[in-house]
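Written below as structure tokens is the structure these notes are about.
Taken together, the values in this text are just the output of simple stated rules run on the coordinates, not laboratory data. As the structure is a prediction and not an experimental result, all values here were calculated from the model. Every residue, glycine as well, gets a Cβ built from its backbone with ideal geometry; the counts of neighbours run over all protein chains shown.
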């Protein structure tokens, strides 16, 4: 099982930028625009698409993978940080959702393990509560005394 940030907002960004570009082109053609500077309005949807592309790339840079009895957290592209922890040591799994995230069924998942000083946070994943429950079930299965 591999967890990554959701593509829902990225897809929405691409769709909005495309619709905005089409609307601008249709509007400029409908008014028989003769001012070439007005075509500069197309820079707005291009910037929106670049923002969506940036989010798309960032999504690929962070992942949490469940490998048997371990969790592996990886972040980075050119330089990469990898953190591996035992599922049995997972003590706390937390899901945080804003109102907008709840509407889209996405949220932030954070994990804390025994003996570690920092939490691992993966932002905007799909179905975060299901992922949290799955990780906790696997953790309890590996460490039945808890």
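Here are the numbers:
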{"item": "Filter result (in a strand (DSSP E or B), touching a helix residue (DSSP H, G or I) at 6+ places or on another chain (Cβ under 8 Å) and under 22 Å from residue 9 (Cβ atoms)) within region 101-126", "result": "106, 107, 108, 109, 124, 125, 126"}
{"item": "Selected residue (criterion: surrounded by the most Cβ atoms within 10 Å (Cβ to Cβ)) from residues of region 38-73 that are outside any helix (DSSP H, G or I), touching a helix residue (DSSP H, G or I) at 6+ places or on another chain (Cβ under 7 Å) and touching a residue at least 24 places away in the same chain (Cβ under 8 Å)", "result": "71"}
{"item": "Of residues in region 80-100 being part of a strand (DSSP E or B) and in contact with a helix residue (DSSP H, G or I) (Cβ under 8 Å, 6 or more places away or on another chain), the one surrounded by the most Cβ atoms within 10 Å (Cβ to Cβ)", "result": "90"}
